[in-house]
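A quick write-up on the structure given underneath.
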Amino acid sequence: MRKKIYIAALLMIAKIAYSQVIIGSATNPSPNSMFSVVNKDDNAAQSKGMMIPTVSNETELPLYNASQPNRFDKDPSMQGMIMYRKDIQRVVVYDGDIWKPTFYETGGRTTRASMNPATAENDFPSVGCILIGCGEKDVPFGFHSTTLDGDKLGIIDPQGTVNNNFNNFTFKESGFYKILISLKVKTSGIHVSPPVISFRALKNGAILARNDVPLNEAILITAGANRVGTMEFLAMFDKGDKLKVQVSGGVSILTVADVYKIVPTDGTFISIEKL
């Protein structure tokens, strides 16, 4: 008798192990589904959804490790795991290497970053030009405006030291991106030729795009030229690529003594959209 009970229990366990799990209905919606949640009431008052596990930001995701280059340990056995990130309002899926946002909205996703408005003027990114010599300076961007800035791409990633080994953004996905750079420039000094400032986007340390922006047309002008200049371009980035913005004197510039400063206002920002 006991042997018969054991055999019956074993058969029941085997049946459960290979059966489909259906919640919300007695009818199987698909023969290929292992687990189904059925919404029986197709109206706003009665419809019920499914809540998946949520985290506030990427630091709460499984396998987060700030010491890793992409900030996550690898575990191929977790491929396909999903969670919901509240900060970017996206479902994210683990691909065995990193967590990727998914279920994107139509029209692409955009990261917008600005300069810190609390930056003292002495710390503004400044390029000093003496005769025909000009240096170059990094323009650091971050999340500083709660109303304008946002990082839906999750790529704001300041690394290194500004004006040394600095990188500002790390791309999480390969693809084409549209990038708009807008900088408010303040000048002071004496211009022997029309003042020109060069905006540069550097990908992995090499110049990817450049735009020489004329500030005015006059000769022998002393301090006071202020202008917002822009640069927009399309580029292909691979996963892990780095990006930063620099300013320098234009190639045609000739000055006695001149200084260009990037001012942290609403006119100074970068927008990066995945196409």
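Which FRET efficiency value, to the nearest 0.05, is calculated for Lys178 and Ile82 with the Förster distance at 30 angstrom and r the Cβ-Cβ distance? Numbers along the way, then the final one.
Numbers: r = 28 Å, r/R0 = 0.94.
It comes to 0.60.
Subtracting the Cα-Cα distance from 0.36 nm times the residue separation, let me have the gained length for Thr161 to Ala44 in nm, one decimal. Intermediate results must be reported in sequence, preceding the final value.
Numbers: separation 117, 0.36 × 117 = 42.12 nm, distance 5.30 nm.
Gain in length upon complete extension: 36.8 nm.
Suppose R0 equals 41 Å. What FRET efficiency, 1/(1 + (r/R0)^6) with r the Cβ-Cβ distance, do Ile23 and Thr59 give to the nearest 0.05?
The value I calculate is 0.80.
Each reported figure results from applying straightforward, stated rules to the coordinates on display, with no laboratory input. It should be emphasised that the depicted structure is a prediction, and the values quoted were computed from it without experimental measurement. Cβ sites come from the backbone with ideal geometry, for glycine too, and all protein chains shown count toward neighbours.
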